[in-house]
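To keep things clear, I will list the structure first and then write my remarks on it.
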Amino acid sequence: MNRREFLKGSVAMAGAAAAVPCVAQTAPAPAAPTSAEGGDPSVPLLASAPMLQNPAPTSMGVAFAVSAMANGFVEYSTSPDLKDAVTVKCGGFRVTDMNDKVMLVRLTGLKPATKYYYRIGADRISYKGGYKMKNLGPERDPRIYSFTTAGEGAEAHFCVCNDTHVKWASFGLVVDKIAELKPTLAVWNGDACNTQETIESQIEIFLNPQVSRKDYAAEIPFCLAPGNHDQRGLANRHLERVFMFRQPEERSARDWDLGRNFAFRLGDIAMIGLDTGEDKPDRRDVFAGLFSNEPYRVAQTQWLKEALERPDIQKAPFIVAFCHIPLFDDRPWANPGGICDNGGGKYKHDFALWEKSCAEMWGPLLKQHHVQLLIAAHEHEYRYDAPTAERPWAQIVGGGPLLNEKLNRFQTVIDGRVEGGELKVAVHDVHHNRIVGSFTYKSRV
Ligand SMILES: [Fe+2]
């Protein structure tokens, strides 16, 4: 068949099709509006309570989930009625971070040790192309929340949780205990995650947990000192889409990629956050060459040295450091400083292949600068390592998330506060609602 005949035949077939008498057909159900069209207007756009992230003396992050394409914002003020509120949109300069999952809003230029009130909202956006965008109007969470920035004048009171591992029963007890203790801020000391392959699962962990206290972080901001599990899975390679990196002004340009480290004053306490990263070497076959934790830890060493030399940190009466993997362990097979690679006993230790462990790199700096306490996690078993002459900093290892009384395993919330010129730390076992350890530290200055 030549082309002309084919075209003639096609026309004839089209005519034949047109000649078929109409029969009654059920009209297809109209397709549900997609997120690009602004989503289903009957579904609230705001899909979670706000989560305060990365508290600092002059900044605060606010994250929340949305159900459709949205452009989120935060309205904040020092006045409880939001008088003269400032509105900050999601994202940074140039274009906003319009998307259909998570709104990340950074409040900057704040005053230290100051109480702010805020409300979240988002514009519903119909996006059908670069020139086919429509703002369908704002939806606001009617609740007004508050937070207090960190700084030397802030109340020196923190709480720590760790190894929550998406175990909702434990996590529910954790957030209830933190709400009861009412700290200025909390530190999530790693392993919030298991292995997360989707952003939806991260949203569930941080923004929409399956607990009754869904606004657990709406007034108590969380710092994140990540654990090894917080790096695992495709989605966790970009955890910053749900738990944003800290503000760049907190560090030098050289350290631009150290977005999880923190060093700031919370009243009389200097809070130091470190990221021990994966607990296995970058060269492990299962990692396929896709991790760079070894240079990451080296870079943090220089950062830590300079952070500890800062005048505001130096003059702090108390310095408390936080990292997921313990920097000290009297059992050599148990993760001494983030370099364990025994594969559950299958592999021999091969420390010689590592330049230096976290313990070797960071431990002496903690000693040199008279850090009183390191709070770690990772082993799912509460433990206290009293200071020694050689290692003058104490170490508390928090427990979680499953209960195993034979192994001294329970979920902890560690409470630290300055009272009467001393740092008082209480370790709460939230499974049994009891205090299992109380420690007091004297001023270092
Ligand atoms: Fe863990």
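Listed values, structure above:
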{"read-out": "Flag if ASN208 is in a loop (DSSP other than H, G, I, E, B) and either free of Cβ contacts under 8 Å to residues at least 12 places away in the same chain or not hydroxyl-bearing (Ser, Thr, Tyr) (or both)", "value": "yes"}
{"read-out": "Members of the stretch 79-117 found to be of a type in the set (Ser, Thr, Tyr) and more than 22 Å from MET69 (Cα to Cα), listed by number", "value": "SER79, THR108, THR114, TYR116, TYR117"}
{"read-out": "Subset of the stretch 243-266 (residues that are more than 25 Å from VAL102 (Cα to Cα) and buried (at least 22 other Cβ atoms within 10 Å of the Cβ))", "value": "ALA263, PHE264, ARG265, LEU266"}
{"read-out": "Residue in the stretch 413-431 that is within 16 Å of the ligand (Cβ to nearest atom), within 24 Å of ASP275 (Cβ to Cβ) and either of a type outside the set (S, T, N, Q) or in contact with an Asp or Glu (Cβ under 7 Å, 6 or more places away or on another chain) (or both) present", "value": "yes"}
{"read-out": "Condition broken by GLN202, with the remaining ones in (1) outside any loop (DSSP other than H, G, I, E, B); (2) out of contact with any helix residue (DSSP H, G or I) (no Cβ under 6 Å at 6 or more places or on another chain); (3) away from the ligand (no atom under 13 Å from the Cβ) satisfied", "value": "(2)"}
{"read-out": "Total residues in the stretch 167-186, condition touching a residue at least 24 places away in the same chain (Cβ under 8 Å), aliphatic (A, V, I, L, M) and over 14 Å from GLY399 (Cα atoms)", "value": "6"}
{"read-out": "Single residue of the stretch 155-167 satisfying the filter (of a type in the set (A, V, I, L, M, F, W, C) and either within 16 Å of the ligand (Cβ to nearest atom) or touching a Pro at 6+ places or on another chain (Cβ under 7 Å) (or both)) that is farthest from LEU374 (Cα to Cα)", "value": "VAL166"}
{"read-out": "Residue in the stretch 227-245 that is nearest to the ligand (Cβ to nearest atom), counting only those that are in a loop (DSSP other than H, G, I, E, B) and more than 10 Å from the chain's Cα centre (by Cα)", "value": "GLY227"}
{"read-out": "The stretch 155-166 residues that are in a loop (DSSP other than H, G, I, E, B), paired with ones that are more than 16 Å from the ligand (Cβ to nearest atom) (beta carbon under 6 Å, 6 or more apart)", "value": "GLU155/THR184; GLU155/GLY267; ALA156/LEU266; ALA156/GLY267; ALA156/ASP268; ALA156/ILE269; ALA156/VAL418"}
{"read-out": "Subset of the stretch 383-403 that is surrounded by fewer than 22 Cβ atoms within 10 Å (Cβ to Cβ) and within 16 Å of the ligand (Cβ to nearest atom) - its residue that is nearest to the chain's Cα centre (by Cα)", "value": "LEU402"}
{"read-out": "Strands (runs of 3 or more DSSP E) wholly inside the stretch 354-421 that include at least 1 residues being more than 23 Å from CYS223 (Cα to Cα) and assigned by TED's automatic domain parsing to the domain that holds ALA270", "value": "383-385"}
{"read-out": "Residue satisfying all of: in the stretch 185-203; touching an Asp or Glu at 6+ places or on another chain (Cβ under 8 Å) and within 20 Å of PHE64 (Cα to Cα); surrounded by the most Cβ atoms within 10 Å (Cβ to Cβ) among these", "value": "ALA192"}
{"read-out": "The stretch 170-190 - residue that is within 16 Å of the ligand (Cβ to nearest atom) and in a helix (DSSP H, G or I) and, of those, nearest to ARG409 (Cα to Cα)", "value": "SER170"}
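The values are calculated or read from the model by the stated rules, or taken from the named source; none is laboratory data. For clarity, every value in this text was computed on a predicted model and none was experimentally measured. Note that we place each Cβ from the backbone using ideal geometry, even for glycine, and neighbour counts take in every protein chain shown.
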